Amino acid sequence: MYKTNSALISLIHRFARGSGLLVAAVAVIVLLGWCFDVDSVKSILPDYPPMRVNTAIGLLLTGCMLYLVNFPRVGVALAVVVVLLNGIILLEYVSGINLGVDQLLFADSQAAKFGYYPGRSSVNAVMSFLLLSLSFYLYNRKPVPAYGKAQLVSLLVLLVIFASLLGYLYRVNGLVGIEKHSQMAPHTAVCFVVLAAGSFFLYPDQGFVRILTGSGWSALLVRRLFLAALMLPIALSSLVIWFFQLEQFSVELGFILFSVCYTFLFTTILFVYGREFLANETKQQEQQLKIEQLNKDLSAANAATRAVNEELLASNDALQSANERLYRANQSVKELSRQALQESAQQYKHLADSVEDVFYALDEKLRITFWNKVCEESTGISSNQAMGQHLFALKPRLRLFPSLEVLQEVLKSGTAAQTEIEEEIAGKQLHFNVRIYPAHRGLVVFAVDNTAVHTAERELKQQKERLELALNGAQLATWDLDVPSGKSLWSNRWYSMLGYTAGDLEESFETWKNLTHPDDLPVAMKSFEEHLSGKTDYVTFEHRLKKKTGDWLWTTGSGKLVERNHKGEPQRVIGVLQDISSLKNAEQELLEQKERLELALWAAELGIWDRDLQNGRLTVNERCAQMLGYTKAEYENILPLQGFRKTLHPDEAAQITEMLDKHLAGEIPYYRTERRARTKAGEWLWVLNSGKVVKRDKEGRPIRMIGIQQDISDFKKTEASLRFYKYLIDNIKNPIYWITPDDLKFKYVNKAACDHFGLPEDKLIGVGVLDFDINLDLEKAGSITSEISRNGTHTFKTVHKNSAGQLIPVELTLSSLYYNDTPYVVGYIRNISEQSAYEAKIRAINTELEQKVAARTAALEATNKELEAFSYSVSHDLRAPLRSIDGFSKAILEDYESALDEEGKDFLNRIRSSTQQMGQLIDDLLNLSRVSRAELKKQNVDISKLVLELVSELNQQQAGREVHVKVQPGLYAQADVRLIRIALENLLNNAWKYTGKTELARVEFGSMESGGRTVYFVKDNGAGFDMKYAARLFGAFQRLHRETEFEGTGVGLATVQRIIHKHGGQIWAEAEPAKGATFYFTLF
Amino acid sequence: MILLVEDNPNDIALTLRAFKKQQANCDVVVVRDGAEALDYLFCTGDYQGRDLDKMPALVLMDLKLPKIDGLEVIRRIREHNSTRFLPVVVLTTSEENTDLLECYSLGINSYIRKPVDSDNFDQVIRNLSLYWLKFNITPKHF
């Protein structure tokens, strides 16, 4: 980037425009001269031609044009007028015709004197006007102004008019104008020079003029050389011409003289300037670099130190104070370096202007040949006083002189040298850098005051050493981030911290992001953003970085923005990185321990208490108070130490108080009680309370005691119930044991088991159960075990042999049981030796009984047979006489009819009727007997069908009867078909019989559901009966009707009842005299 | 000819009276026990000289008989070739099922319980003589 000096440029621009105004002013004066005919104004001297009116007008317009260059419209109008006017004049010259513009305003009386066309501008002027207009046009060319070309055109005008001016200077007429007629007035020429220069320098920061106006070393050099190139020939040629006019000099000699002088002077200037520039440039570069570097380091160090300082504040007092010192020093150094920078900038500015540095020249004899203003000021010796004096003869305020030896050395060797001079003035140590250059027959000496830089350098060196010490001591790594590009610089420590070697990684922000743990990156980025946006003074964040090994390293990164660009955008951040892994690990461990502890406390529902024994103040956690029904505040307030003692249960108070006092006195290491504590509600709660004095004073008096309190009421309850169960099992009279199924060894035995096996518990535990069993071996035990695992339990009989060798028959019930995920087999032993005896006895009794039963059965069978025989004989032998009685009665009635009167016949008929009745009675009794003895053979019987058959039989038997019958169809029952037939026959017979005297006889068979059973019924609308006799209904030989009313033996319903009962059913009747009867029965 | 095997004299009298009342032209031979019945049928004992070819058209037999039981008599009748198809009607007071089963399994032709009512008894005799002597056909000698 080309550096420009905006202030200078603006100044030059204003001067350039001002030159236009100046020329316009001169032109106005000249025009006034013409107006009032003042010759001295028209021409400067009588010998010189006047400025023509047209020229003055042109200059006025062009001057205005230049001045109003920022108002292009006005400028263009002016330029058009100028071009028109001068175009006409040019036409006049070319065509030789007078167009009358020359003396339009004023008559030119002087033209004859100088021999030009009256009033007409010189050709030079016309051309210059046209060229300046062109230049104006080029400056304003659209769309892109042609600055360079405009400046060239202006330079051309300058050179042309320069020639005219030189012509006046050297009195060479030919140069004043192109020809005699166009002689230019000298003030016109000056005006043109000013105008052309103004036009040339109009935009000093554009085109090639900017080479001259730049602020760099090259621009300075060009400016100086430009001046030299411009002025030197003029001066020399003036001199030569003067010599020409003064003495007889040949032209050749003049040129030689000119060339030699020019070459010498120009070369000298070139070298002197060149050397100076070179030296200063080098030095400036070095210093600049050094300062920049120091500044960087300082800023880094500053930021780092601050970051470190914050980190280590608590723990590192020494470092803190060092840091503070460093910081202060750093501030002062910064200030100094800033001043130094300013000063050196000034210095170079002054150097550039060749005015503000100590600069003097000496001849070979060390006499002063040049003594600049700064020398005057710093030494207090004026240039006049100094000139020609021997350097060491001077008695300056400030000795800015190198030693004699150095000077002589330079003179002798012809090579430049430099030396440092330290001077003390007004108690202030000043430091100068003195450079001695060999010059033509002498020396040139520059002395630069670099006191500030020198001091700063020394301070910086010390600071840097201290800083490095601090950084190393703190094991800090440094980093340096270029914000726009993301490029970074990392120190060796940075690499070694992560296990890398310097240069292993691409040093960039991106690499850092990749190394950062993803969880920590957002925090770090936020810290960066906040800092870069100016919200925080420092970037500071904790983050994990991935080590080369892949592990994470906890680090603290801190930094500070140290550079912003002109737009205020952040450019550079520097900072430090600190390994905090040990800190972090400790922190993490502490955190985890705390979490574990909290979890443990929470899970165990532990109350925590903390008592200050000096003032008795108690601090507890919520749980501790809550346990006893208090709030935390309540609990803490109601229980001062003495109060606590009062809360103890009377049974335990003495013991606990004694234990507590012993512990407070240091006699026992812990205080631990299981005690009852009184709750807020006044109940007693079992708690475990234990604690320890954690702090004692010098005399051993307790100061602080902390402990826990735990609700153990559940535990106490469980404990009690456990004791109860153990007692229960131990005291069960049956032996019980537990074994493990894999080794079959006793794991538990109750007291009864001990007695059973004849060994105490401690002898039994661990012994195998097979040792006591005479029937079981391992193989059988295995099959039993698998049986247990299949069914969960197995019961079998075996014989145990106890330790005394006694055999005990037992019934063993084994069950599988899981306790705490361990399989066990529980054995439950029943001593069956007594039972065996009983069993034998019972068997004997049973045998006896069976024999008795067999005998009884045989007897019964015999009885049965007798009964059958009886039935048989009844059937045969009782009926036979009846038959005879009846038969012979009939025979008498038939054979002796004539011999018998009516009464005799009636008697015989009565005999016959009785015998028949007797026969029926015998049949019925036999039937009843047979039903009783019959074996029940149940089958599915279609009762509806059976009833219909019986009804049809009855209809046949008693053809004269008309009975309206209704039978519910589809009724089935499980019954003995033979017996149920007899029952139904009887019931239907009865129905027929008792409806015998009813006009519209109606008989119904059906069923209904009652109480979940099927109830069958036979209903008639016959004679019925009085329900008060119902109890007698089903008795044998019981009749409710007289024989004369309805025939019957009184055995039928008894038979029916017997059949129904045999089926497991019930029978009952409902009736009303003259309304009918209903017989209900159920079957099973 | 009808062979009546009956030991009760009352029953014999009443039966014979009933047959007489029928005015059926048939002889009724009465034997008083099982042995006599067999003697008659197989021409043994007291009946040694009887013509074997003259067999009764019907045997009316009580079951309760002196000497040889009625069932035994029936068995012998059915065992013997000459009497195998002889119509045998049991006329008894028993209606025990066991008796019925035994008799039918031995191959009787009918089983009639003696009614107590003498009117009924007369009717039975009338029907029997009508049926067995008039309508029923049995194979002749073989």
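Just so you know, all these numbers are worked out from the coordinates, no wet-lab data involved. Only a predicted model underlies this, so the values are computations on that prediction, with no experimental measurement involved. Neighbour counts run over all protein chains shown; Cβ positions are idealised from the backbone, glycine included.
Structure data summary
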| quantity | calculated |
| --- | --- |
| Average beta carbon contacts from partner chains per residue of A:917-924, 10 Å cutoff | 2 |
| C-alpha center-to-center spacing [segment A:1006-1055, segment A:564-582] in angstrom | 123 Å |
| Along each principal axis, Cα extent of the protein assembly as shown, largest first, Å | 239, 106, 66 |
| Helical mean residue ellipticity (222 nm; -39500 (n - 2.57) per DSSP H run of 4+; nearest 500) of chain A | -17500 deg cm²/dmol |
| Where GluC sites (Glu not before Pro) fall in DSSP loop in segment A:240-302, at most 14 other Cβ within 10 Å | A:247 |
| Exceeding the 21 Å Cα-Cα cut-off - candidates A:797/A:852; A:966/A:1075; A:1028/A:1075 | A:797/A:852 |
| Among the listed pairs A:945/B:134; A:841/A:1062; A:993/B:20; A:487/A:526; A:428/A:560, those beyond 28 Å (Cα-Cα) | A:945/B:134; A:841/A:1062; A:993/B:20; A:428/A:560 |
| For A:705, A:231, A:387, A:65, order by how many other beta-carbon atoms lie within 10 Å, fewest first | A:231, A:387, A:705, A:65 |
| Virtual spin-label span in nm between residue A:972 and residue A:862, 7 Å along Cα→Cβ | 4.7 nm |
| Cα lying deepest toward the dipole's positive end in the protein assembly as shown, options A:143, A:709, A:261, charges on Cβ | A:261 |
| Burial order of peptide ranges A:405-411, A:588-594, A:202-208 (average beta-carbon count within 10 Å, highest first) | A:202-208, A:405-411, A:588-594 |
| Residue-averaged beta-carbon neighbours from other chains (10 angstrom radius) around B:111-117 | 6 |
| Cβ-based net charge around residue A:776, under 15 Å, with every Lys or Arg adding one and every Asp or Glu removing one | -3 |
| Dimensionless Rg/Rh of segment A:605-717 - Kirkwood Rh, Rg from C-alpha atoms | 0.95 |
| Relative packing of A:747-757, A:542-552, B:48-58, which averages over residues the other C-beta atoms within 10 Å, highest first | A:747-757, A:542-552, B:48-58 |
| Shielding by other protein chains, A:884-895, mean Cβ within 10 Å | 5 |
| Overall dimensions of segment A:419-556 by Cα: Rg and Dmax, Å | 23.6, 76 |
| Cα-based reach from residue A:726 at 21 Å (exclusive), listing lysines while leaving out same-chain residues under 8 positions away | A:716, A:717, A:745, A:747, A:751, A:763 |
| Using alpha-carbon coordinates, inclination of helix A:6-36 to the longest axis of chain A, degrees | 40 degrees |
| Protection proxy ranking, peptides B:70-81, A:232-243, average beta carbon neighbours within 10 Å, highest first | B:70-81, A:232-243 |
| Most positive-pole-ward Cα, A:478, A:390, A:380, against dipole of segment A:374-501 from beta carbon charges | A:390 |
| Restraint check, A:513/A:548; A:890/B:64; A:546/A:594; A:296/A:464, Cα-Cα greater than 20 Å | A:890/B:64; A:546/A:594 |
| Two-decimal log10 I(q)/I(0) for segment B:2-135, as the Debye equation yields it once each C-alpha is a single scatterer, q = 0.09, 0.22 Å⁻¹ | -0.23, -1.53 |
| Candidate aspartates and glutamates for bridging to residue A:149, where Cα separation is under 15 Å - those fewer than 8 sequence places away on the same chain excluded | A:205 |
